[in-house]
Each structure stands twice: as C-alpha cells, then as structure tokens.
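Participant: Would you mind keeping the following structure in view while I ask a few things?
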Amino acid sequence: MRVLLVEDDEPVAESLRRGLMRYGFEVAWVSTGSAALSHSDPYDVVLLDLGLPDTDGLDVCKALRERGDVPIIVISARSDETDRVVGLELGADDYVSKPFGVREVIARIRAVMRRIQPRTPAAAAAEAGPDRYGDRLTIDRKAARVRLDGAEVALAPKEYDLLAFLTEEPGALMSREQIMEAVWDANWFGPTKTLDVHVAALRRKLAGAITIEAVRGVGFRLEIVNAGRDAS
Ligand code: CA
C-alpha cells in the first residue's frame, strides 16, 4: 500500500516513515502543502499534518477531497476538538492526535481501508463471526476471546495481544522489534525476555492448534496446525 505522508517535522516524519516501511508500506514523504497537492505518483492513503509551513493542512485536506476520494487521515498536534470536527467535515476519514505510535497509525489506515472497500455479503458475514484458524482455534477479535475446540482459553491481556498480532499473518516471520512495537507499543532495544515468557505461555495454552517457531537472532513465526493434514 502506498502512503503519501505530508509532515514538515523531520524527526516525526522519519520515524513514521521507517515504522510504516517495516510493516510493508511504501511511503512518499513531502513536507509542504504545495508539494502534497502537486505530488503526481499514485497513492492509496494520505497522512496529513495540519501544521504545515506554507499552508493550513485543513486547506490541503479540502483540496485533496475536492479532487477525489483517496482516504485522508489527519495527524496533528492540535488537540482542539474544533480541528477534529472541521477536518472530518472537510472530508478527512480519520484523525490521529500527536503523539501517536506507528501501531496506532497502521490500525487507523487499515480501518479506513476496510471501510472504503466495498464488501461482498460473504465477506461481511465472515467478518461478523470469530476468525477460524485451522480446525481447533477461533479468535473473536471484537470480543477479544479465544477458543480451543470450542472451550474458551484464559489468556492474559498481553498474551491475547501477542496471539492477535501473530495470527494476522500466519507463517510470516516477525522480528522481535516488530512484535515489541506492535504488542507492547514500545521501541524496544533492551532484553525481550518478557516476549519469550508470553510465547511460552501461548505454546502451552494452545498446544496442538498452533506452533510458534523461534528463529534465532530474528524473531518468531506462528503456524496454524492443521489436524487433518498432520494426521497422516
Ligand atoms: Ca507540523
């Protein structure tokens, strides 16, 4: 997914850009309103700061909206409720106040993209119920409930968050840094023993339904166990 990031604060822009790229987003970064409006490469979503050096971000928001329906997420240090309301009235799809974590921004992007995508009745029905992983495991993301063979599994809040994160993309190798940032919402440079403890708990509580492989020096990979296939 291609993100147009409009932000004049270089450290903020740089950390957001790096964070988004770690999650697989392509990021084009501009630092003025006029550069945003003259940006010609296609993009799927705009992250728009309101406090820009050359023009008010709200005017940029309005101009972008007049041109088309690309989703716009306003990011702003202004915590003023008026700005939020005006931004939304001018056609922004969502609003994130500074300071924010990369994880929060990604969650907003995903939510906005889900809202604008036309949903088939089948997709809507599937979304209403819990997500199924293999024959044994279901995760109800709305209720934050996990079931193994139909019986609810008691997970600590961070165990649930870790499972929810790793099951977003089964089979993908996630680095310790990505996991710490997503689940503990922290840039983590120290020891990550707490992560190992939580992985061990998930392995124990969900044994037979998932595996979590440790990849030395990198991170972890969650796989769904398919009983049908393994029974051979
Ligand atoms: Ca700014």
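Values quoted throughout were computed directly from the atomic coordinates according to the rules given, and no laboratory measurement underlies them. Because the structure is a prediction, the values reported are computed rather than measured. Heads up, the Cβs are rebuilt from the backbone with ideal geometry, glycines too, and the neighbour counts pull from every protein chain shown.
Participant: Placing +1 at every Lys and Arg Cβ and -1 at every Asp and Glu Cβ, with all other atoms neutral, what dipole size does the chain have around its Cα centre, in debye to the nearest 20? Intermediate values should be presented prior to the final figure.
Facilitator: Working: 31 positive and 38 negative charges, 233 e Å.
In total the dipole reaches around 1120 debye.
Participant: How much length, in nm to one decimal, is gained on full extension between Asp131 and Val70, taken as 0.36 nm per residue of separation minus their Cα-Cα distance?
Facilitator: Result: 19.1 nm gained on full extension.
Participant: Here is a further query. Suppose the chain between Arg22 and Ala154 were pulled fully straight at 0.36 nm per residue; how much longer would it get relative to their current alpha carbon spacing?
Facilitator: 44.4 nm
Participant: Could I have the simple spin-label model distance between Ala200 and Ala107, label points 7 Å from Cα toward Cβ, reported in nm to one decimal?
Facilitator: 2.8 nm
Participant: Still on this structure, I have one more. Taking the convex hull of the Cα atoms, report for region 7-122 its projected area averaged over all directions, in nm².
Facilitator: For region 7-122, averaging the hull's shadow over all directions gives 7.6 nm².
Participant: Sequence gap at least 6, Cα distance under 8 Å: using those rules, report the relative contact order of region 2-116 to the nearest whole percent.
Facilitator: 23 percent.
Participant: Using the membrane-span-like helix rule (whole DSSP H runs, Cα extent along the own axis of at least 30 Å, mean Kyte-Doolittle hydropathy at least -0.5), which helices of the chain qualify?
Facilitator: Span-like helices in the chain: none at all.
Participant: Continuing with the same structure: Just the C-alpha atoms of the chain: what Rg/Rh do they give, with Rh taken as the Kirkwood radius? Mind showing how you got there, number by number?
Facilitator: Values: Rg = 20.3 Å, Rh = 19.7 Å.
Result for the chain is an Rg/Rh of 1.03.
Participant: Now for a different question. Can you grab the distance from the C-alpha centre of region 5-23 to the C-alpha centre of region 65-112, Å, no decimals?
Facilitator: Between the Cα centres of region 5-23 and region 65-112 lies a distance of 15 Å.
Participant: A further question on this structure: Before rounding to the nearest 500, sum -39500 (n - 2.57) across all DSSP H runs of length at least 4 in the chain and divide by the residue total; then give [θ] at 222 nm in deg cm²/dmol.
Facilitator: -12000 deg cm²/dmol
Participant: While we're looking at this one, here's another question. For region 128-224, what class follows from the C-alpha gyration tensor (a ≥ b ≥ c being the square roots of its eigenvalues): rounded when a/c is under 1.5, otherwise prolate if a/b is larger than b/c, else oblate?
Facilitator: Prolate, since a/c reaches 1.5 and a/b exceeds b/c.
Participant: What distance in nm lies between label points placed 7 Å from Cα along the C-beta direction at Arg141 and Ala172?
Facilitator: Label-label distance for Arg141 and Ala172, simple model: 1.1 nm.
Participant: A further question follows. Any chance you could run the full-extension gain for Thr82 through Ile224? It's 0.36 nm times the residue separation minus the Cα-Cα distance, nm to one decimal.
Facilitator: Using 0.36 nm per residue and subtracting the Cα-Cα distance, I get 46.5 nm.
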